[in-house]
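Here the structure is laid out as structure tokens; the discussion comes afterwards.
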Amino acid sequence: GGVFAVKATAGNTHLGGEDFDNTLVNHFVAEIQRKHKKDITGDARALRRLRSASERAKRTLSSLTQTTVEVDSLFDGVDFQSNITRAKFEEINSAAFQGTVEPVERVLKDAKIDKKKVDEIVLVGGSTRIPKIQSLLQDLFDGKELNKSINPDEAVAYGAAVQAAVLTNQAGNEKTQDLLLLDVVPLSLGVEMQGGIMAVVVPRNSPIPCQKSKVFTTASDNQTTVTFPVYEGERLMTKENNLLGEFSLSGLIPAPRGTPELLCTFDLDANGILKVTAQDKTTGRKADVTISNSTRLSAADIERMVQDAEKNAESDKEREAVVQAKQDLEAYVYQVENNISDPNVNMKLRRGDRESIETALAEAMELLEISADEAKADDLKSAQSKLKRASTRAFAHVYSQRR
């Protein structure tokens, strides 16, 4: 028995044994073209027979350093025969083999675990028998021995069967009663904020089951309803993530923007069922939505989104700086407008100070009209600094008059 806690997950669903077969097939197709001036790519039967022979050769090369591929009457009555060495097989698959190591590097980074602290490297899947894959993996872990004690062909099915028994609560089953698998969230979960920004509530690789909360507020004065669109994904902008569902919390007491406190709670159970609840801390009013696993992304889509986020990390960082600068400027404009709309302040403003504030406000408002895709963080920060200088000087004079 025992608890198995997943620290992080990573993979490449577009890479596997068939890819290694494909490179062999392409290698032999090119050889046939070169030797016999014959293109067999349009002959489905010939390709099927060549693929079967290539797969057998791949398996043989895991134990021998050379093998012969033979297919009787492959095309036009011609018998095909070719020798392939393990070295050549490794050469034509070098990029694909390297691709098997990249998810391992990524999972170590996501789990924040030093490779020297890894106790066992367990090989799963038939292609882990390929010597080059084993040597690349061993090199990554500075020569550490690989764990080959599990049948690589059966491991996934065996594990799935055990987990199915655990999840269906098979009472009295001594083999599974003390087992517990703590999985992790494959993609970050959150809600959309003003400007289409993803506010993450449950970060990627959080253990399942889990419950996490975050406080949100209103974006406009006297807002009585707030909508919570729920997303999963790793990108900054929600339009690049996956919408899971949405719900609204209504009946809020009208108040200045930023005043209400709305507690948003994400509750994810062991079966992957997500319940999102929002509660107004003042009135206690609640609203929620339940999202089943069926609306979630496939393993291939998850992997694509994680890789997409890594590829666009720099541009997302730049855009985040723009969004933050825009929100800061917007909040400061709101604050200044509130101050000058106060009659006690307005009547004491000197004409020159009022004109400076109005000019700075106009410039700020103009910049706020520009989309986050086109705006520049430095321009927004500069506009806020200019408005701050004008308003600080003006309000300092007003408050000195009060004393």
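The values are calculated or read from the model by the stated rules, or taken from the named source; none is laboratory data. Just so it is clear, the model here is predicted, and its values are computed rather than measured. When we count neighbours, we look across all protein chains shown, and the Cβ atoms used for this are built from the backbone with ideal geometry, even at glycine.
Being on the phi < 0 side of the Ramachandran plot, touching a residue at least 40 places away in the same chain (Cβ under 8 Å) and buried (at least 19 other Cβ atoms within 10 Å of the Cβ) narrows it down to one of Val345, Val323, so name that one. Steps first, answer last, please.
Working: Val345 fails: buried (at least 19 other Cβ atoms within 10 Å of the Cβ).
Going through Val345, Val323 in turn, just one is on the phi < 0 side of the Ramachandran plot, touching a residue at least 40 places away in the same chain (Cβ under 8 Å) and buried (at least 19 other Cβ atoms within 10 Å of the Cβ): Val323.
Just to check your reading of the model, which residue among Ala364, Ala325, Ala313 is under 29 Å from the mean Cα position of the chain (by Cα), under 30 Å from Glu192 (Cβ atoms) and at pLDDT 90 or above?
Details: Ala364 fails: under 29 Å from the mean Cα position of the chain (by Cα); Ala313 fails: at pLDDT 90 or above.
After applying the criteria, what remains is Ala325.
Only one residue in Val69, Val122 is more than 22 Å from Glu31 (Cβ to Cβ) and either in contact (Cβ under 8 Å) with a residue 24 or more places away in the chain or surrounded by 14 or more Cβ atoms within 10 Å (Cβ to Cβ) (or both), so which one is that?
Answer to the check: Val122.
Name the strands (runs of 3 or more DSSP E) wholly inside the range 161-210 in which the number of residues that are within 30 Å of Ala321 (Cα to Cα) and touching a Ser or Thr at 6+ places or on another chain (Cβ under 7 Å) is 3 or more.
197-202
Does Leu182 meet the test of being surrounded by fewer than 19 Cβ atoms within 10 Å (Cβ to Cβ), at pLDDT 95 or above and out of contact with any Cys (no Cβ under 6 Å at 6 or more places or on another chain)? If you could, list the steps in order and put the result at the bottom.
Numbers: surrounded by fewer than 19 Cβ atoms within 10 Å (Cβ to Cβ): yes; at pLDDT 95 or above: no; out of contact with any Cys (no Cβ under 6 Å at 6 or more places or on another chain): yes.
Judged against the criteria, Leu182 is not a match.
Determine, yes or no, whether Asn339 is touching a residue at least 12 places away in the same chain (Cβ under 8 Å) and more than 39 Å from the chain's Cα centre (by Cα).
Values: touching a residue at least 12 places away in the same chain (Cβ under 8 Å): yes; more than 39 Å from the chain's Cα centre (by Cα): yes.
Yes; evaluated as a whole, the condition is true for this residue.
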